[in-house]
Amino acid sequence: MNRVSEDATDLASSSAYSPAALAIETELEASFNVREGNSSRFLGVEGATVSFGKGDARILPLRGVSVMFERGTLSLVMGPSGSGKTTLLSLLGCLLSPDEGSVFVDDVLVNQLSETEKTAIRQKKIGFVFQAFRLFHSLSAIDNVALGFEIRDPKQPHRLEMARQLLDQFGLGGKCNQEPNDLSPGERQRVAVARALAGNPPILLADEPTASLDAQSGRNICQILRNQVDEHGRTVVVVSHDPRWREFSDRTITLFDGQVEQEEKNL
């Protein structure tokens with residue numbers, strides 16, 4: 001039975017950042033034979049079906065879903081609660097495996113990879129942003145972001161300096177030493193985004209990143225993630241009920257009852 005991990009703390013303490021995963025990272029980079037340039041299968045799923053439970057309790061949050069995300073785009077995934085949005089994001093983040101179908105991450109077919117190999121892809125290629133920030137409250141803002149660099153590359157020197165530069169970019173240079181509880185919700189989410197971007201991952205997955213924010217703070221996060229596409233060429237997928245994201249996204253994918261109901265271009 002599938003289980004979706006939605007907590008960054010859970011990720012940090014699990015095999016997602018285990019020594020075994022770190023040890024095989026270089027080997028994976030050499031062996032995946034990643035295709036260069038624009039690929040129709042850069043990121044996405046084909047014929048993906050996911051089930052939870054057994055017998056009469058079995059549910060299908062995704063049923064034969066096929067959707068691809070192009071490099072350097074921001075895609076918005078919407079739909080009512082229970083439509084399969086978070087399940088789709090979990091597939092893209094290598095947190096969940098489909099019962100049927102294929103999952104592609106940075107041009108790699110990940111279905112048949114071991115859990116350790118999936119962990120290495122998640123560690124190297126994907127940044128996560130959560131609704132509830134998922135920061136470590138005992139750490140300062142700069143230490144939270146520096147942890148992102150350490151997780152992706154424990155041998156990376158100057159982590160604090162690079163973390164400070166990221167926080168400066170998001171207008172938080174003067175609050176580097178403050179702990180999350182001393183920051184506003186909007187500031188906490190900017191710290192969380194900075195941590196997700198530590199180590200320069202090509203893919204950013206965001207689950208309801210503006211749901212806990214006021215109007216102006218939410219718009220700031222929308223613009224920050226849009227800039228990651230326009231200025232850095234990242235691929236961003238946002239799951240949200242927030243209609244403000246339509247203004248910042250290249251397209252909107254609407255899920256309903258575990259299937260793609262509609263796709264529309266926004267920009």
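The values are calculated or read from the model by the stated rules, or taken from the named source; none is laboratory data. Nothing here was measured: the structure is a model prediction, and the numbers come from that model. Glycine also receives a Cβ, built like all others from the backbone with ideal geometry; neighbour counts cover every protein chain displayed. For the accessible areas, the whole protein counts, side chains as well, though only heavy atoms, and no ligand, DNA or RNA atoms are used. Shrake-Rupley method; radii C 1.70, N 1.55, O 1.52, S 1.80 Å.
Summary of values
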| quantity | calculated |
| --- | --- |
| Residue of ALA146, ALA163, ALA215 that the Gaussian network model of the chain assigns the largest fluctuation, springs spanning Cα pairs under 10 Å | ALA215 |
| Cα-based convex hull volume of region 36-168 per residue, rounded to whole Å³ | 164 |
| Solvent-accessible area of SER138 with every protein chain in place, 1.4 Å probe, in Å² to the nearest 10 | 100 |
| Region 50-158: trypsin sites (Lys or Arg not before Pro) falling in loop per DSSP and having at most 16 other Cβ within 10 Å | LYS54, ARG58, LYS155 |
| Which of LEU204, LEU60, LEU213 is most accessible, then next, and so on - probe 1.4 Å | LEU60, LEU213, LEU204 |
| Using θ = phi - 60° and Karplus 6.51 cos²θ - 1.76 cosθ + 1.60, couplings along region 102-114 (whole Hz; Gly, Pro as x) | 10, 10, 10, 9, 6, 6, 9, 6, 9, 3, 8, 6, 6 |
| Computed label-point distance, nm, for sites ASN177 and GLN165 using a 7 Å Cα→Cβ extension | 2.3 |
| Listed residues PHE69, PHE52, PHE42, most fluctuating in the chain (Gaussian network, C-alpha, under 10 Å) | PHE52 |
| Residue with peak Gaussian network fluctuation, the chain [Cα springs, cutoff 10 Å], from ILE59, ILE203, ILE151 | ILE59 |
| Residue-by-residue Karplus 3J(HN,Hα) for region 62-74, coefficients 6.51, -1.76, 1.60, Hz, glycine and proline x | 10, 9, x, 7, 10, 7, 10, 10, 7, 4, x, 9, 10 |
| Relative contact order computed over the chain (Cα-Cα under 8 Å; 6+ residues apart), in percent | 25 |
| Sequence-distant lysines (8 or more away, or on other chains) whose Cα lies within less than 26 Å of LYS85 | LYS54, LYS118, LYS124, LYS125, LYS265 |
